[in-house]
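Engineer: The structure under discussion is supplied below as structure tokens; questions concerning it will follow.
The values are calculated or read from the model by the stated rules, or taken from the named source; none is laboratory data. Please read all numbers here as calculations on a predicted model, not as lab measurements. Don't worry about glycine lacking a Cβ; one is built from the backbone with ideal geometry, like all the others, and counts go over all protein chains shown.
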2 protein chains.
Amino acid sequence: MSVTAAQGFSAAGVAAGIKSNGNPDLALVVNNGPSRAAAGVFTSNRVQAAPVVWSNRVLADGVVSAVVLNSGGANACTGPEGLKDTRATAEKVAEVLDGHSADQVAVASTGLIGIRLPMDRLLTGVGKAAAELSADGGERAAVAIKTTDSVHKTAVYEGAGWTVGGMAKGAGMLAPGLATMLVVLTTDADLGSESLDRALRAATRTTFDRVDSDGCMSTNDTVLLLASGASETAPEYGEFAEAVRSVCDDLARQLIGDAEGSSKEIRIDVVGAASEDDAVEVARAIARNNLLKCAIHGEDPNWGRVLAAIGTTQAEFDPDRLNVAFNGVWVCKDGAIGEDRDGVDLRGREVVITADLAAGTEPATVWANDLTAEYVHENSAYAS
Amino acid sequence: MSVTAAQGFSAAGVAAGIKSNGNPDLALVVNNGPSRAAAGVFTSNRVQAAPVVWSNRVLADGVVSAVVLNSGGANACTGPEGLKDTRATAEKVAEVLDGHSADQVAVASTGLIGIRLPMDRLLTGVGKAAAELSADGGERAAVAIKTTDSVHKTAVYEGAGWTVGGMAKGAGMLAPGLATMLVVLTTDADLGSESLDRALRAATRTTFDRVDSDGCMSTNDTVLLLASGASETAPEYGEFAEAVRSVCDDLARQLIGDAEGSSKEIRIDVVGAASEDDAVEVARAIARNNLLKCAIHGEDPNWGRVLAAIGTTQAEFDPDRLNVAFNGVWVCKDGAIGEDRDGVDLRGREVVITADLAAGTEPATVWANDLTAEYVHENSAYAS
């Protein structure tokens, strides 16, 4: 049910002609209130797309009345003209909707970096989307934000009298801070922007920020959480935060499941770390090791590459105490040869690598993918 | 002419049966003096192979009389038993050569991590190599250290009455600190170990340490420089240091030229940085961006991926002042769209990416490769 699972929201997804193949490429999500509290998290890349710059400003007041999203172009590295295009998009949304102001309209874009958007088609598309807004338009909106995604991604959490729904897109350039993703979460819970912000940051820190498909950080990542208050219910904060976390976790897993060219999903569990930061640093180093990612693709439990990756970090550990398991078989014990690697079965799509630093009690999990010839193919032909 | 280009050295390369395919896999390089001064640089990976641990100790005194190298197994992550194997190898060399002591014999190994070496064959091979030592054995030694290298790598610099020669192996896991490489440099210049150490560190800092084929740092990297003094010539330090640098640069370029599965060599020139550290950080971030490496493979001047990579660094820059050129065409100016990307021709094997941070005057160059389906294939089938 996507972003319209929660009461108080309408959405639409249309083909505006931004993509040359005629697929849906423009989505509109409108918060009909009574509340319009919102929170947002954006890429930590220092090169930020125009819509990220814009939406960051919109979020400063904690109020978002609508979100317009397009695929088919990232509007990144487009200079002052690109920012004008984003502003014009928000202004068009405010113009076609009653009672909205451009400075409360968030904008998100995804696609190729470094090209201007076809603004005539895009603005016409905004009008078309506004005309098609409906309380069951969430799925169509989710479809319209796809780029190389093979499927659209949605998730819902049902609380007692309130709901959190969401949609996501992202299939490549998936790495922390955040993955290349656009995510819109909606809720009819009645909570202020500060609670939303706190819940969203806590949720993304251990979900979207721990997805690392290809080590590449995007210029456009945007995760928004909009609250309509339409349920007239104010859930207890802890329960609400857990709902947001579970929806984010669900969507993050869907992103990894659909990553470009992947044949394996790799769950990297680091345990026994002296601190959570150490655990995350080690998990990321493992997640980004191309040689290991190739080995997993070849169903080869090449634990030496895990140790080589761990050795590049600053985490606290003794190389002679490291332990590594593939799917539960401890092939490396005390930094050396452990159980028989022939006992490891990597034929399934999901592979679990456990790295025990034997330096403490803190754990962290990062999700990654294998590296495949299909990934190379998909990303060498992207712009042509 | 490899390591025997300099006077005072003999070498051999034999098939000891460490590799199952019967290819040469054991090399011996002997310094016949009169001097036996030496210097070494090793991987900065915190997980270090037994031969790295051993050779680091040997180098502490600045004296190396012989180096024994094997391919077919890295002897990494093999625990105390692996270190005993390394010691036994050095002791065998001392036993079969007159006037050598095990604690002056450096050992280097390369191949798969996490397997014990077949010591009976290896020790027999040491005897065989000693029997075949000759003043023109440098090429055979260079062949014996190959793993996935398609060609053996050697380089020579001829000074006025003195020579620097060298051999290298390395085709994957090539990343700073150092690449997965074994390098032995020899010289008949008469210089003490302190001068050798200074020249070697200065040379590797801007050559081997600026090669980044696949972002993966090895457990076994070893670069040794041995001086025999046989020319009875003591060159001026600056000239000698430049000779060592040029031999290292030549070998480093050969490593990139032969990197696993590569179809392009990518020279990344960062200019206009506020500091050399900034320039290197940015160049490395670009070098390691899988999406960009795929784009180069597809001959696509996808400058947006360069900016996205730069944006992940902590270097000093203003995103709106960044400029990027592919093969001299400035496709990105002031952080936005520059010259027509259709003017870029990426069909040649060498691609030059120039990133101007517009924040200062410091430059740095890093060499990388593209990411190809062949790389994935070669590294997914490695251990099987």
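Engineer: Can you name every residue in the range A:237-247 that is aliphatic (A, V, I, L, M) and either surrounded by fewer than 24 Cβ atoms within 10 Å (Cβ to Cβ) or assigned to a loop (DSSP other than H, G, I, E, B) (or both)?
Structural biologist: Residues of the range A:237-247 aliphatic (A, V, I, L, M): A:241, A:243-244, A:247.
Hits for the range A:237-247 are A:Ala241, A:Ala243.
Engineer: Can you tell me which residue within the range B:208-236, out of those that are surrounded by 24 or more Cβ atoms within 10 Å (Cβ to Cβ) and among the β-branched types (Val, Ile, Thr), is farthest from the chain's Cα centre (by Cα)?
Structural biologist: It comes out as B:Thr219.
Engineer: Continuing with this model, one more query. Restricting the range A:306-318 to residues that are modelled with pLDDT of 90 or more and facing chain B (nearest Cβ under 7 Å), which is nearest to A:Pro363 (Cα to Cα)? Lay out the reasoning, then the answer.
Structural biologist: Taking the range A:306-318 as the starting set, the residues that turn out to be modelled with pLDDT of 90 or more are A:306-307, A:309-310, A:313-318.
Now drop any that are not facing chain B (nearest Cβ under 7 Å), which leaves A:307, A:310.
Numbers: A:Leu307: 17, A:Ile310: 15 Å.
Filtering the range A:306-318 for residues that are modelled with pLDDT of 90 or more and facing chain B (nearest Cβ under 7 Å), the one nearest to A:Pro363 (Cα to Cα) comes out as A:Ile310.
Engineer: Another question, if that's okay. List the pairs whose first member sits in the range B:1-27 and is over 29 Å from B:Ala230 (Cβ atoms), whose second member is hydrophobic (A, V, I, L, M, F, W, C), and whose Cβ atoms are under 6 Å apart, counting only residues at least 6 apart or on separate chains?
Structural biologist: Sorted first by the residue in the range B:1-27, then by its partner, the pairs are B:Ile18/B:Leu122; B:Gly22/B:Ala15.
Engineer: Here's a follow-up. If I ask for residues that are more than 14 Å from chain B (Cβ to nearest Cβ), surrounded by fewer than 24 Cβ atoms within 10 Å (Cβ to Cβ), touching a strand residue (DSSP E or B) at 6+ places or on another chain (Cβ under 7 Å) and in a loop (DSSP other than H, G, I, E, B), which ones from the range A:68-116 would you list?
Structural biologist: Here is the first cut: in the range A:68-116, the residues more than 14 Å from chain B (Cβ to nearest Cβ) are A:68-72, A:87-108.
Now drop any that are not surrounded by fewer than 24 Cβ atoms within 10 Å (Cβ to Cβ), which leaves A:87-88, A:91-92, A:94-104.
Next cut, touching a strand residue (DSSP E or B) at 6+ places or on another chain (Cβ under 7 Å) only: A:94, A:97, A:100, A:104.
Passing the criteria: A:Leu97, A:His100.
Engineer: Further question: Quick one: would you say A:Asp356 is touching a residue at least 60 places away in the same chain (Cβ under 8 Å), more than 10 Å from chain B (Cβ to nearest Cβ) and over 18 Å from B:Cys216 (Cα atoms)?
Structural biologist: Considered against the rule, which asks whether it is touching a residue at least 60 places away in the same chain (Cβ under 8 Å), more than 10 Å from chain B (Cβ to nearest Cβ) and over 18 Å from B:Cys216 (Cα atoms), A:Asp356 comes out as yes.
Engineer: For the range A:237-282, give me each residue that is small (Gly, Ala, Ser) and under 18 Å from the mean Cα position of the chain (by Cα). Spell out the reasoning first.
Structural biologist: Going through the range A:237-282, the residues small (Gly, Ala, Ser) turn out to be A:238, A:241, A:243, A:246, A:252, A:257, A:259, A:261-263, A:272-275, A:279.
Result: A:Ala241, A:Ala243, A:Ser246, A:Ala252, A:Gly257, A:Ala259, A:Gly261, A:Ser262.
Engineer: Select from the range B:368-382 the residues that are modelled with pLDDT of 85 or more and facing chain A (nearest Cβ under 7 Å) and write down the one among them that is nearest to A:Leu346 (Cα to Cα).
Structural biologist: B:Ala373
Engineer: Of a type in the set (Val, Ile, Thr), under 19 Å from B:Ala15 (Cβ atoms) and surrounded by fewer than 17 Cβ atoms within 10 Å (Cβ to Cβ): which single residue out of B:Thr124, B:Thr148 fits that description?
Structural biologist: B:Thr124
Engineer: Output the residues belonging to the range B:64-123 that are over 28 Å from B:Ser228 (Cα atoms) and without any contact (Cβ under 8 Å) to a residue 12 or more places away in the chain.
Structural biologist: B:Gly79, B:Pro80, B:Lys84, B:Asp120
Engineer: Output the residues belonging to the range A:319-335 that are over 18 Å from A:Thr361 (Cα atoms), among the hydrophobic types (A, V, I, L, M, F, W, C) and under 29 Å from the mean Cα position of the chain (by Cα).
Structural biologist: Across the range A:319-335, the qualifying residue is only A:Phe326.
Engineer: For the range B:7-47, enumerate the residues that are in a loop (DSSP other than H, G, I, E, B) and of a type in the set (Gly, Ala, Ser). Steps first, answer last, please.
Structural biologist: Going residue by residue through the range B:7-47, those that are in a loop (DSSP other than H, G, I, E, B) are B:7-8, B:15-25, B:32-36, B:43-47.
Once the filter is applied, which keeps residues that are in a loop (DSSP other than H, G, I, E, B) and of a type in the set (Gly, Ala, Ser), the range B:7-47 yields B:Gly8, B:Ala15, B:Ala16, B:Gly17, B:Ser20, B:Gly22, B:Gly33, B:Ser35, B:Ser44.
Engineer: Is it true that some residue in the range A:117-130 is hydrophobic (A, V, I, L, M, F, W, C), within 14 Å of chain B (Cβ to nearest Cβ) and not in a strand (DSSP E or B)?
Structural biologist: First, pick out the residues of the range A:117-130 that are hydrophobic (A, V, I, L, M, F, W, C): A:117, A:119, A:122-123, A:126, A:129-130.
Checking which are within 14 Å of chain B (Cβ to nearest Cβ) leaves us with A:117.
From what's left, not in a strand (DSSP E or B): A:117.
Yes, there is a match, as at least one residue in the range A:117-130 is hydrophobic (A, V, I, L, M, F, W, C), within 14 Å of chain B (Cβ to nearest Cβ) and not in a strand (DSSP E or B).
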